[in-house]
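Reading through the structure tokens given below for one structure.
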Amino acid sequence: MKETIGNVLLNLDYYDGEDAYSDGSIEDRLLEIVKTTPKEDYQKVILTEKSWPIFYHLSPERENILDWYEWKDDASVFEVGAGCGAISGVLCRNAKRVVANDLSKRRSTINAYKNQDASNLEIMVGNFNVVAEKMEERFDYVTLIGVLEYAKSYIGKDNPYPEYLEKINRLLKPGGKILIAIENRLGLKYFAGCREDHVGREFVGIEGYPGIDFVETFSKPELEQMLQENGFSKFKFYYPYPDYKFPAVIYSDEYLPKPGELRKNQRNFDADRITLFDEGKAFDGILKSGLFPVFSNSFLIEVEKRSKRMRKVLYTKFSRERRNEFQIMTRITEEDGIRRVWKLPLQKEGELHIRHMYENYRKLEHLYTYAGVQICPCELDEEKCALAFPFVEGESLETRISRHGKEKDFASLKKDYELLYQIIASAKGQKSFVETDAFCEVFGHPALKEGLAAAEISNIDMIPGNLLLDGEKVWVADYEWVFPFAVPIAFIYARSVFLQEAASALTKEEQEELYAIGGISMEEIPVYYHMEECFQEFAAGKGEPNALATFYGKLHRHNYPLSIWEKEKMMYPVVLTETAPEERELYYEDCFGLDEQKVMMLEKADADGELSLQLMQEGAVIKIRSLAGVCSDGKTERIAFSHNAELEIIDDYYFLGTPVLKFRNAGYEQIRIDYRIYYKGDGVTSQFIQYIRQNKDLRDELNGEIYRKGQLQAEIEAEKAALAHRKKNSRKRENRSSFWRKSWSGCASVRLCVWQIKCSM
């Protein structure tokens, strides 16, 4: 029996009429979504629903695991365990024929609707053992994406892998390949506190799955042994990061990560978790020890049926958190001992962006006059619309800056930034910056000071990570973001400072010295921050929900450090104190990383009085974009608020103690606050807080001194006034005394005269 859904053939010949497993009602919702929603709107649905299963099944991020892979021409693919079709779409785009198999008719129906435009897709519903036994067709590829770990469920033996892999092998053509994606049971995230993906318990995979007989994952040595024992001698391991489900980067043994690269460890879990240690720092130590392949969170394995030379893809990085027209893939390949770097569009709309990058090379080729600066050349592959660059060996300026920062060698760090500024400032065609419409579209309307230097062509990608140091040469390895209009050179330099972790760990005085190299005062930094935010919004799309980080922010996954986990309250309280007697205490997810944007939603209070919103229990530097009330009709209104911040710069608020916002509730259904925590607590934050306290203390001391001087002056003036008053009174008394003396003297003369007259009579 066969059905068609759109262009997809739904083959039910092997379906026994029952779905052996189901995720319940969520599958009904998934089916409803794929029936009624265009693919381009899935991201909006994901953010609206805030459901992990919907995100897991519908996010295009899932395709990253195979979207980079170089398939042979006219390839045929058999997809085992296709589920709801998270990977089927990328297979259909790259292969001539795709046969997908899944045990569940409901899931297969979701897959069919999700990929209904694919005329090369057939979905076989039924038990894999039955399908594989009767399948006569042979394929170039068989994919096991999140499937191998369930072999015990398929075969029903303690050691099902020889039989299972033999079934897979029979489906392959000569020279065919198996692509396996699976978790590493010894992945670092599981040691750090993430729950095992299939069982949902901490450490169960590390302990060897005691008492669990339906699923198991493996370490790298275990997988190598399994493949070798079953006749597969040719295989290649790749290391998806942070894991195979939502990989941002894919490494290989020939191109492993460098210390400092592995920092996206808050997005590799599907449930609340604890954090036993800093995974980023642990990864740095593992990398230095050469053990990353052992502790990678996931594996992707390319297994070849018979031995032959395999083309090597060494590294792949995805840039999906952007508008479709800016989404690209960066790939490093090796062929005949020659390495090349490729940039390819992830979406059809991205082809123009690739062509602009090629044009940028021609524009930048002779832009910089600083000695030794070389723009890395590129060639345009018209057929693939891909850019090919030579692989340049050398240490990046970012790596050098990071090293000098860790060594606390500020003198060397300063020299690094002096070199950076000299290169940026050597651009030809400089003139005084004039704001244009094209500039404002990308960078907003910043309040820039007059007379800033700017070149006619602006490469804002002149950041340390894109500059490779090769002896006396400085290679500009990437120039994706080049604009044909003036952008202040000071901004290009400023973003190179505040985007570096090493610079953010410096003292205020040291940061001032770095910015001063570019003639930038600390008062200008918020303006340049705002420009960077506008640029990021331009690249990602205003209001476009295509960022993985945005989903996690809305999903409110909790990641608790062990110290917090052990406490009675594992979240910081948000207290609404009303003028009415009632008091409510709500909670929000703590932000442990920097620059993580969160949206907090609070129940409306009963009273229509003044409310106090306590953001956390410690000092912090917070960007507060807006405080809004949600009305019953869904409309939002901005709410004016007061605060207890010691310092306010644009929308950045510097709190010495507990941040509190006060506002009035006008009967809103919800209160929303859009904010970003820059710094909080100890460490770097304390430097800011110390600076503010010192300012406050100095200000208080100055005010006190002014007050004391004022008091003293007042006392002096009062004393002067009193003295003047006393002098004045004294003069009055003296005058009166003189008068009476004169008067008395006159009276005495009169009396004497009278007496003399009387005597003469």
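Of all residues in segment 389-402, which are buried (at least 18 other Cβ atoms within 10 Å of the Cβ) and farther than 15 Å from residue 465 by Cα?
389
Would you mention how many residues in segment 443-462 are more than 21 Å from residue 362 (Cβ to Cβ) and not charged (D, E, K, R)?
Selection size over segment 443-462: 9.
Can we say residue 224 is of a type in the set (Asp, Glu) and either surrounded by fewer than 20 Cβ atoms within 10 Å (Cβ to Cβ) or in contact with a His (Cβ under 6 Å, 6 or more places away or on another chain) (or both)?
Taking the combined requirement at face value, the residue satisfies it.
Inside segment 638-672, can you point out the residues that are among the hydrophobic types (A, V, I, L, M, F, W, C), touching a residue at least 60 places away in the same chain (Cβ under 8 Å) and farther than 21 Å from residue 617 by Cβ?
Residues satisfying the conditions are 649, 650.
Take the residues in segment 28-39 that are under 30 Å from the mean Cα position of the chain (by Cα) and in contact (Cβ under 8 Å) with a residue 40 or more places away in the chain, then tell me which one is nearest to residue 117 (Cα to Cα).
It comes out as 39.
Please go through segment 629-652 and pick out each residue that is part of a strand (DSSP E or B), at pLDDT 80 or above and either touching a Lys or Arg at 6+ places or on another chain (Cβ under 7 Å) or crowded, with 17+ Cβ neighbours inside 10 Å (or both).
642, 643, 652
Quick check on my filter: what residues within segment 256-292 are farther than 19 Å from residue 195 by Cβ, crowded, with 20+ Cβ neighbours inside 10 Å and either among the basic types (Lys, Arg) or in contact with a Leu (Cβ under 6 Å, 6 or more places away or on another chain) (or both)?
Result: 283, single match.
Residues in segment 328-363 that are surrounded by fewer than 20 Cβ atoms within 10 Å (Cβ to Cβ), assigned to a loop (DSSP other than H, G, I, E, B) and either under 24 Å from the mean Cα position of the chain (by Cα) or touching a residue at least 24 places away in the same chain (Cβ under 8 Å) (or both): how many?
1
For segment 514-528, enumerate the residues that are surrounded by 15 or more Cβ atoms within 10 Å (Cβ to Cβ) and either farther than 21 Å from residue 459 by Cα or in contact (Cβ under 8 Å) with a residue 60 or more places away in the chain (or both).
Selection gives 514, 517, 518, 524, 526, 527, 528.
Out of (1) over 23 Å from residue 149 (Cβ atoms); (2) exposed (fewer than 15 other Cβ atoms within 10 Å of the Cβ); (3) of a type outside the set (D, E, K, R); (4) touching a Lys or Arg at 6+ places or on another chain (Cβ under 9 Å), what's the single condition that is false for residue 38?
Here residue 38 meets the rest and fails (4).
Test of understanding: among 189, 152, 173, which residue is surrounded by fewer than 17 Cβ atoms within 10 Å (Cβ to Cβ) and either out of contact with any helix residue (DSSP H, G or I) (no Cβ under 6 Å at 6 or more places or on another chain) or in the same structural domain as residue 84 (by TED's automatic domain parsing) (or both)?
The unique qualifying residue is 173.
For residue 100, indicate whether it is in contact (Cβ under 8 Å) with a residue 40 or more places away in the chain, among the small types (Gly, Ala, Ser) and under 26 Å from residue 346 (Cα atoms).
no
Taking residue 431 as the residue in question, decide whether it is at pLDDT 90 or above, closer than 21 Å to residue 471 by Cα and assigned by TED's automatic domain parsing to the domain that holds residue 476.
So residue 431 fails the test.
Please go through segment 377-393 and pick out each residue that is assigned to a loop (DSSP other than H, G, I, E, B), at pLDDT 90 or above and within 16 Å of residue 333 (Cβ to Cβ).
378, 391
For segment 113-140, name all the residues that are under 16 Å from residue 165 (Cβ atoms) and of a type in the set (Asp, Glu).
Correct list: 133 only.
Working carefully through the options 84, 92, find the one that is more than 24 Å from residue 317 (Cα to Cα), under 32 Å from the mean Cα position of the chain (by Cα) and assigned by TED's automatic domain parsing to the domain that holds residue 176.
84 is the lone residue from the list that is more than 24 Å from residue 317 (Cα to Cα), under 32 Å from the mean Cα position of the chain (by Cα) and assigned by TED's automatic domain parsing to the domain that holds residue 176.
Is it the case that some residue within segment 114-127 is assigned to a helix (DSSP H, G or I) and surrounded by 24 or more Cβ atoms within 10 Å (Cβ to Cβ)?
Yes; the residues of segment 114-127 include at least one that is assigned to a helix (DSSP H, G or I) and surrounded by 24 or more Cβ atoms within 10 Å (Cβ to Cβ).
Here are 447, 453, 411: which of them is exposed (fewer than 14 other Cβ atoms within 10 Å of the Cβ), assigned by TED's automatic domain parsing to the domain that holds residue 536, under 21 Å from residue 526 (Cβ atoms) and out of contact with any Gly (no Cβ under 7 Å at 6 or more places or on another chain)?
It is 447.
I need the strands (runs of 3 or more DSSP E) fully contained in segment 1-99, keeping only those with at least 2 residues that are closer than 20 Å to residue 181 by Cα and at pLDDT 90 or above.
76-80
Please state which of the following conditions residue 107 fails to meet, knowing it meets all the rest: (1) assigned to a helix (DSSP H, G or I); (2) surrounded by fewer than 19 Cβ atoms within 10 Å (Cβ to Cβ); (3) among the basic types (Lys, Arg).
Looking at each condition in turn, residue 107 falls short on (2).
Going through 232, 237 one at a time, which residue ends up being at pLDDT 95 or above, surrounded by 16 or more Cβ atoms within 10 Å (Cβ to Cβ) and of a type outside the set (S, T, N, Q)?
Matching residue, one of 232, 237: 237.
Filtering segment 460-513 down to residues that are of a type in the set (Phe, Trp, Tyr) and farther than 20 Å from residue 342 by Cα, which residue is farthest from the chain's Cα centre (by Cα)?
Checked segment 460-513; the qualifying residue farthest from the chain's Cα centre (by Cα) is 485.
Is it the case that segment 448-459 has a residue that's over 30 Å from residue 650 (Cβ atoms) and not in a strand (DSSP E or B)?
No, segment 448-459 contains no residue that is over 30 Å from residue 650 (Cβ atoms) and not in a strand (DSSP E or B).
Of a type outside the set (Asp, Glu), outside any helix (DSSP H, G or I) and without any contact (Cβ under 8 Å) to a residue 12 or more places away in the chain, is that true of residue 408?
yes
Can residue 75 be described as surrounded by fewer than 24 Cβ atoms within 10 Å (Cβ to Cβ) and under 21 Å from residue 154 (Cβ atoms)?
So residue 75 does not fit the description; no.
Would you call residue 135 modelled with pLDDT under 95, among the aliphatic types (A, V, I, L, M) and assigned by TED's automatic domain parsing to the domain that holds residue 56?
In short, yes.
Might you let me know whether segment 416-430 holds any residue that is assigned to a loop (DSSP other than H, G, I, E, B) and either over 26 Å from residue 354 (Cβ atoms) or in contact with a helix residue (DSSP H, G or I) (Cβ under 9 Å, 6 or more places away or on another chain) (or both)?
Yes, some residue in segment 416-430 is assigned to a loop (DSSP other than H, G, I, E, B) and either over 26 Å from residue 354 (Cβ atoms) or in contact with a helix residue (DSSP H, G or I) (Cβ under 9 Å, 6 or more places away or on another chain) (or both).
Please find, among 406, 431, the residue that is of a type outside the set (Gly, Ala, Ser), more than 27 Å from the chain's Cα centre (by Cα) and over 25 Å from residue 540 (Cβ atoms).
None of the other options fit; the residue is 431.
The values are calculated or read from the model by the stated rules, or taken from the named source; none is laboratory data. Quick caveat: nothing in here was measured; it's all calculated off a predicted structure. Virtual Cβ from ideal backbone geometry, glycine too; neighbours counted across all protein chains shown.
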